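Worksheet for the structure shown next.
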Amino acid sequence: FADLVLETWDLQCERNGREHRTAEMGCQQLVVRRGQPFTITLHFSGRSYEEGVDKLAFNVETGPCPIETSGTRSHFAVSDFPEESGWSAVIQQQEEGSLSISLCSPPNARIGRYSLTLETSTAYQGTSCHIGDFVLLFNAWHPEDTVFLREEDERCEYVLSQEGLIYQGARDYITSIPWNFGQFEEDVLSICLNLLDTNPKFLRDQNRDCSRRNDPVYIGRVVSAMVNCNDEDRGVLAGRWDNQYEDGMSPMAWIGSVDILKRWKKFGCQPVKYGQCWVFAAVACTVMRCLGIPSRVVTNYNSAHDTNGNLVIDRYLNETGEEDRRSRDMIWNFHCWVESWMARPDLGSGYDGWQALDPTPQEKSEGVFCCGPAPVKAIKEGDLQLKYDIPFVFAEVNADVVYWVVQSDGTQKKSTHSSVVGKNISTKSVGRDSREDITHTYKYPEGSEKEREVFAKAEHEKRSLREEEEGLHLKIKLSEGASNGSDFDVFAVISNNTDAERVCRLLLCARTASYNGTVGPQCGMKDLLNVTIAPWEENRVPLRILYEQYRESLTQDNIIKVVALLTEYQTGDVIVAIRDVYIQNPEIKIRILGEPMQNRKLVAEVSLVNPLSAPLNNCVFVVEGTGLTNGQQTKELEEPVEPQAVAKFRLDFVPSQSGLHKLMVDFESDKLTGVKGYRNVIIAPQPK
């Protein structure tokens, strides 16, 4: 017999991409999911393959030093009866001179870049030929993959959807911003794989790191550490919270992860400036979805940062309502992290499902700034000893807040204050642009028997939360929404639920604030020394907050923190109430002109009214949308936008993909920043 000579071959990137739901990553390279067969075609010259005479075998290798014992190398023959547990190759069909072969990895294979080599041999001799490279991803569609997710609509949202909403604002005024995850955009997959190869664990022991890449728990931990740069690990983002962002991008300005990941790669893995929690979480979500692990960004309102781990956040206020920073413990207005879906065979049964991963650098875990994966079920049950970092996340959603009012003589009075931490935990709904409240997955209903059991297990006494019906009560209310550029009123509402008249001092104080709890200068204040409340009556005391007063010091987080202190003269008791008022930005209007069809020109008209009493200078619109615009489009306006005038521009774009997409817009200027808007556009497929 003459030698069997391999002439050409076809990795069938397009067909395999469609079947493996990776087609949007482009058809330049083969990208497949583990545990699922993919087909390649071999063409021989001279003579055809003959069963019984020719032996065919494949070699797959990943990582710099592939070895079989680490699962990073596998050698397997073409056979009709493949072994159950390993890689397999089966002939599908044979035509004159060509052979279709179905290859399949085990559902627990290491993910990453692989090289594929074919070995052909007859009785006398053999040759080997490198026939290409491919990328293997996790497979949420395969029942034996540890990231298996049962519902198709959830797989579409958490693995395949390239855009989403991230919740921000304040507990009493929840806002959302659009985000372009873009995990299938050009270059993103290779950047995510580079991120795995830049991580310190890989640099320390490449073989061990690659051999652990079959485990989503390990990958999640690596990604959580690599998205921030706090460990000198060439991480993706530098965090900053002090409102000084001139030497980089303000965290509020980003509208997608792709731009950030591309910058990181372009500048040689130097950290990109700057991120805050939602940016860290969104970039981690992109990387996890790209690698095939179902993931979503979640937002926790009134999130506790408990640095000493005692599950109590002590806040100190002086008599004028100013915070005295003697504790590193903080309450963030909101805090975002990622949840990723995976089994936890390392923990025994009951802890599979959503795992919290927090890439924002806050506390070290095993010596590194990363957090998780912490099973959400373990957080709910108070199982603090399990891996990883459950006490920290448990505190974020459950810590108690105690306010101490420090009087002028230095004595401290403990204030009564109802539970505020861990409210309205939110994520985007599956398949819809609405908010899903997932607080119940993190905690039992407040005051329930189950809640008390969990707190006892976590060695933490939760105060009885039922507000005493009797006594004095204090709340802060808002008459209507507060818009940037306008004055507005807040009210202290004092209720006297007793049979006796009460005489009090009321202090109301407003300060601009950042979302991580730090406060700026005062922008409104009222001190009433003699407030009398009749029995069973309610008093409303207004405080007008003027644009003139908050204009200069409002941060890009658009938050004003209002503190009320009520001191009762008779008993000396102090009641504290706090409310974060979110200052609303103007709306960005987006009109689509033309018939939305694939590969046909469309026009978007984007506009925004300047609500302020001063002109806006250096106005910039940034637009992006996966499958719509080719990357990011930026438009700088040449003229200032006068008060009440309209800033607008027209964008021409040619959608490259059919289906539902989000066109996302960010607006920046000297006085209004981080203004976001989006429009859903349904693109019809190009007629055949």
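Restricting the calculation to Cα atoms, the range 523-591 shows an Rg/Rh of 1.11 when the hydrodynamic-style radius is the Kirkwood one.
Hydrodynamic estimate: the Kirkwood radius of the range 107-156 over Cα pairs, inserted into Stokes-Einstein at 37 °C and 0.692 mPa s, corresponds to D of 240 µm²/s.
In square angstrom, what is the accessible area per residue of the range 583-623 with a 1.4 angstrom probe? Please report the intermediate quantities before stating the final value.
Numbers: 1780 Å² over 41 residues.
With all protein chains present, the range 583-623 gives 43 Å² per residue.
If you wrap the tightest convex hull around every Cα atom of the range 471-582 and split its volume per residue, you get 92 Å³. Ordered from longest to shortest, the equivalent ellipsoid semi-axes for the range 242-394 are 26, 26, 12 Å, each the square root of 5 times a Cα gyration tensor eigenvalue. Here, the range 157-239 has an Rg and a Dmax of 15.7, 50 Å when only alpha carbons are counted.
The accessible surface of the range 5-137, taken with every protein chain in place and a 1.4 Å probe, is 46 percent carbon and sulfur. Quotient of the Cα radius of gyration of the chain and 2.2 N^0.38 Å, N being its number of residues: 1.11. Take every DSSP beta bridge whose two residues both sit in the range 78-204; close to 95 percent of them are antiparallel.
Could you work out the Kirkwood radius for the range 152-455, taking every pair of different alpha carbons, averaging 1/r and inverting it, reported in Å?
Details: mean 1/r = 0.0501 Å⁻¹.
The Cα-based Kirkwood calculation yields 20.0 Å.
Put simply, the C-alpha atoms of the range 309-445 give a gyration tensor, and the ellipsoid matching it has half-axes of 32, 18, 13 Å, longest first.
Residues in the range 211-267 average 36 Å² of solvent-accessible surface per residue, probe 1.4 Å, ligands and nucleic acids excluded. In whole percent, and with a 1.4 Å probe on the protein chains, what portion of the accessible area of the range 152-455 is carbon and sulfur? C and S atoms contribute 47 percent here. In this structure, the pairs whose alpha-carbon distance is over 20 Å, taken from K266/K635; K475/K526; K266/K428; K266/K676, are K266/K635; K266/K428; K266/K676.
In straight-distance terms, cross-link reach from K387 covers every one of the lysines whose alpha-carbon lies under 23 Å from its own, apart from those fewer than eight places away in the same chain; here that gives K201, K364, K377, K443, K450, K457. If you wrap the tightest convex hull around every Cα atom of the range 588-683 and split its volume per residue, you get 79 Å³.
Simple rule: put +1 on each Lys or Arg Cβ and -1 on each Asp or Glu Cβ in the chain, find the dipole, and look at L193, F653, T22; the Cα lying farthest toward the positive end is F653. Think of each Lys and Arg Cβ as +1 and each Asp and Glu Cβ as -1; about the Cα centre, that makes the dipole of the chain roughly 620 debye. Tell me, Kirkwood radius of the range 53-194 from alpha-carbon pair distances, in Å? So the Kirkwood estimate lands at 18.5 Å. Working from Cα pairs under 8 Å separated by at least six residues, relative contact order for the range 195-272 is 26 percent.
Considering only DSSP beta bridges where both residues belong to the chain, give the percentage that are antiparallel (nearest 5).
On the way: 154 of 175 bridges.
So the antiparallel bridges amount to about 90 percent of the total.
Looking at the range 24-175, the accessible area is 45 square angstrom per residue; that uses a 1.4 Å probe and ignores ligands, DNA and RNA. Extension gain, E605 to D489, is 38.3 nm, computed as 0.36 nm per intervening residue step minus the present C-alpha separation. For the range 5-137, the mean projected area of the C-alpha convex hull, equal to one quarter of the hull surface, is 8.2 nm². For the range 218-296, what log10 I(q)/I(0) values come out of the Debye formula at q = 0.14, 0.18, 0.23, 0.26 1/Å, with one point per alpha carbon and no solvent? Debye intensities relative to I(0), on a log10 scale: -0.41, -0.68, -1.10, -1.36.
Ligands, DNA and RNA left out, the accessible area of the range 606-688 computed with a 1.4 Å probe is 49% carbon and sulfur.
Per residue of the chain, the DSSP helices (runs of n ≥ 4 H) give a summed -39500 (n - 2.57) that works out to -4000 deg cm²/dmol at 222 nm.
With contacts defined as alpha carbon pairs under 8 Å and 6 or more residues apart, what's the relative contact order of the range 471-582 in percent?
Details: 272 pairs, mean separation 36.1, N = 112.
Averaging sequence separation for qualifying contacts and normalising by length gives 32 percent for the range 471-582.
Here the range 9-42 is scanned for amide nitrogen atoms under 19 Å from the site 7 Å beyond the Cα of E186 along Cα-to-Cβ, giving 13-14, 22-31. Peptides 25-36, 200-211 ranked from most to least packed by the mean count of surrounding Cβ atoms within 10 Å: 25-36, 200-211. A dipole drawn for the range 471-582 from +1 and -1 charges on Cβ atoms has a positive end, and of L554, W536, T571 the residue lying farthest that way is L554. Sequence-distant contacts, meaning Cα pairs under 8 Å at least 6 residues apart, place the relative contact order of the chain at 9 percent.
The values are calculated or read from the model by the stated rules, or taken from the named source; none is laboratory data. Remember, it's a predicted structure, so these values are computed and weren't measured experimentally. FYI the Cβ positions are ideal-geometry reconstructions off the backbone, even for glycines, and counts take in every protein chain you see. Please note that ligands, DNA and RNA were not included when accessible areas were found on the heavy atoms of the full protein model with its side chains. Shrake-Rupley method; radii C 1.70, N 1.55, O 1.52, S 1.80 Å.
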